[in-house]
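Trainee: Here's a structure for you.
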Amino acid sequence: MPDLAPVVMPEREELSQLVLELHADGSPWVPSGLGNHLHWGAALQADAGMVLSMARCNRVIHHAVADFTVTVEAGLGLAKLQEVLAAQDQWLPLDPPLAGPSSIGGLVARGLSGRLRHRYRDLRDQLLGISLLRSDGTAAKAGGKVVKNVAGYDLMRLFCGSWGSLGLISELTLRTMPLPKGRQIVQLKGALEDLQQLRQQLLLHSSMALEFIEWRQGPGAATCLQLGLCNLAQEQQLQLQLTPSIQLEKLPQPTTSTTTSTTTSTTVEAGQWLLRLGLEPVKIVEFMQDPVAQGWQLQLGAASGLGLAQAAFEGMAPYRVEALRRACERRSGYLTVLQSPNNSKLDAWADVKAKPLIEAVKKQFDPLNQLCRGRLPGVASC
């Protein structure tokens with residue numbers, strides 16, 4: 001994002017008129033939540049225009065406690081929402097933001113669910129309804145405010161992961177969950193063969209519904225497994241399945257309302273690469289042992305194959321990111337650059353086979369190419 005791009009924070013009643021005026025002038029603009037992740041993904045063009053922030057549109061509109069649903073304005077921060085829900089012993093099962101506070105609308109626009117997807121599914125599966133403004137100011141809605149609602153075109157999933165390129169999300173209705181008690185994170189260390197066998201046992205032959213199970217590997221560190229346990233009973237079940245060669249370490253308990261990640265979840269600083277990886281789960285260990293993966297801090301879902309890689313900009317040249325991308329692609333996976341140095345020429349994402357369809361959808365929603373110029377998911381250097 002250009003450093004001097006002006007930021008406008010309209011009130012809710014000013015939104016429609018502002019978008020209409022921008023469309024009438026043909027002015028480019030960038031939809032935004034709280035603005036802490038605007039630099040993520042593909043670099044915006046120099047003429048991307050002003051940032052339209054939803055920071056002042058941050059109300060909880062309705063919390064249907066008995067129905068386990070909540071409707072909020074898109075600019076509401078995740079931490080604030082978790083506080084409101086916790087008062088009713090509920091929560092939204094999402095990992096805390098990686099780089100400062102994030103709005104609910106921003107999380108949906110980026111489509112990054114985090115490791116809790118293992119138990120609670122992706123963010124798009126927690127999304128029940130959405131309200132938005134198209135680039136021409138037209139208001140649209142999809143979904144509803146109840147769990148059983150299948151009417152209409154599925155705009156919700158189309159906008160989940162659209163990176164602000166199709167329109168401005170204004171309101172969201174989400175499914176909530178009962179707040180779990182006694183959550184615990186444990187780390188397992190031991191021989192790689194024993195860890196692989198345990199992973200297979202937990203995923204294929206165990207009744208334990210873990211919050212997450214993921215491989216961890218740091219620069220120069222041995223590979224280990226991290227597990228998210230829901231209660232004390234799961235810890236006791238796990239102990240019975242461990243062999244003497246596997247060591248269990250308890251880590252600080254996770255929280256649901258903090259504005260930053262805890263020491264047990266990935267955090268990212270301004271001077272670090274942050275990459276999103278997708279691999280076939282059975283190829284993760286082979287990938288982590290590849291020489292090009294050395295020096296990276298890796299966090300990969302043992303069941304989903306989705307995860308993150310990070311390293312300091314200093315000492316990690318862009319060609320090493322490309323080498324890591326090729327290593328993923330050789331294993332039928334992919335790599336997306338979320339955060340990179342300002343002078344990096346790397347494409348955030350490679351062209352996908354559906355590129356013509358993506359561009360056609362973009363043209364329908366934003367015919368003047370006003371939104372997020374230079375940033376269209378699935379289209380390299382658009």
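Trainee: Please determine, in degrees from 0 to 90 and to the nearest 10, the orientation of helix 318-330 with respect to the longest principal axis defined by the Cα atoms of the chain, where the helix direction is its Cα long axis.
Mentor: Tilt relative to the chain: about 70 degrees.
Trainee: Post the alpha-carbon centroid distance, the range 271-349 to the range 41-64, in whole angstrom.
Mentor: 28
Trainee: Counting DSSP beta bridges with both partners in the chain, what percentage is antiparallel, nearest 5?
Mentor: Values: 59 of 66 bridges.
Within the chain, antiparallel bridges account for around 90 percent of the total.
Trainee: Okay, next question. Just to check I understand the Karplus step: with θ = phi - 60° and J = 6.51 cos²θ - 1.76 cosθ + 1.60, what whole-Hz values come out for the range 87-94, glycine and proline as x?
Mentor: Residue by residue, the range 87-94 yields 4, 10, 6, 10, 7, 9, x, 10 Hz.
Trainee: In percent, what relative contact order does the range 38-84 have, based on Cα pairs under 8 Å that are 6 or more apart in sequence? Numbers along the way, then the final one.
Mentor: Values: 37 pairs, mean separation 14.4, N = 47.
RCO, the range 38-84: 31 percent.
Trainee: Sorted by accessible area (1.4 Å probe), largest first, how do PHE365, PHE68, PHE313, PHE159 line up? Mind showing how you got there, number by number?
Mentor: Numbers: PHE365 30, PHE68 75, PHE313 50, PHE159 0 Å².
Order by accessible area, largest first: PHE68, PHE313, PHE365, PHE159.
Trainee: Whole number in Å², please: accessible area per residue of the range 174-328, 1.4 Å probe, ligands, DNA and RNA not counted. Intermediate results must be reported in sequence, preceding the final value.
Mentor: On the way: 6930 Å² over 155 residues.
Ligands and nucleic acids excluded, the figure is 45 Å² per residue.
Trainee: Here's a follow-up. Considering only protein heavy atoms and a 1.4 Å probe, what is the carbon-and-sulfur percentage of the accessible area of the chain? Working shown, then result.
Mentor: Working: 8900 of 17090 Å².
Taking all protein chains in place, the chain shows 52 percent carbon and sulfur surface.
Trainee: So which lysines can LYS181 reach, going by Cα to Cα under 18 Å and dropping same-chain residues fewer than 8 places off?
Mentor: Within reach: LYS250.
Trainee: In what order, largest first, do ARG117, ARG330 sit by accessible area if the probe radius is 1.4 Å?
Mentor: ARG330, ARG117
Trainee: From Cα pairs below 8 angstrom and at least 6 apart in sequence, can you work out the relative contact order of the chain, rounded to a whole percent?
Mentor: Values: 809 pairs, mean separation 73.8, N = 382.
19 percent.
Trainee: For the range 157-167, just list the computed ³J(HN,Hα) in residue order, Karplus coefficients 6.51, -1.76 and 1.60, θ = phi - 60°, integers in Hz, with x standing in for Gly and Pro.
Mentor: Using θ = phi - 60°, the values come out as 6, 5, 7, 6, x, 7, 6, x, 7, 10, x Hz.
Trainee: Moving on to the next point. So how tilted is helix 355-365 from the main axis of the chain? Cα-based, degrees 0 to 90, rounded to 10.
Mentor: 40
Trainee: Sticking with this structure for a sec: Take ASP154 and TYR334, extend 7 Å from each Cα along the Cα→Cβ direction, and tell me the distance between the two endpoints in nm.
Mentor: 1.6
Trainee: Using the heavy atoms of the protein chains and a 1.4 angstrom probe, tell me the accessible area per residue for the range 1-129 in square angstrom. Can you show the working numbers first?
Mentor: Numbers: 5270 Å² over 129 residues.
Counting only protein heavy atoms, the per-residue value for the range 1-129 is 41 Å².
Trainee: Another question, then. So what is the 222 nm mean residue ellipticity for the chain from helices alone, if each DSSP H run of at least 4 adds -39500 (n - 2.57) and you divide by all residues, rounding to the nearest 500 deg cm²/dmol? Intermediate values should be presented prior to the final figure.
Mentor: Numbers: 11 runs with 92 residues, N = 382.
That comes out to -6500 deg cm²/dmol.
Trainee: Give the relative contact order (percent, whole number) for the range 166-260; include only Cα pairs under 8 Å separated by 6+ residues.
Mentor: Values: 112 pairs, mean separation 39.2, N = 95.
Normalised by residue count, the contact order of the range 166-260 is 41 percent.
Trainee: Here's something else I'd like to know. In what sequence, largest accessible area first, do ASP47, ASP125 appear using a 1.4 Å probe?
Mentor: From most exposed to least exposed: ASP47, ASP125.
The values are calculated or read from the model by the stated rules, or taken from the named source; none is laboratory data. Only a predicted model underlies this, so the values are computations on that prediction, with no experimental measurement involved. Heads up, the Cβs are rebuilt from the backbone with ideal geometry, glycines too, and the neighbour counts pull from every protein chain shown. Side chains are part of the model used for accessible areas, which takes the heavy atoms of the whole protein and leaves out ligands, DNA and RNA. Shrake-Rupley method; radii C 1.70, N 1.55, O 1.52, S 1.80 Å.
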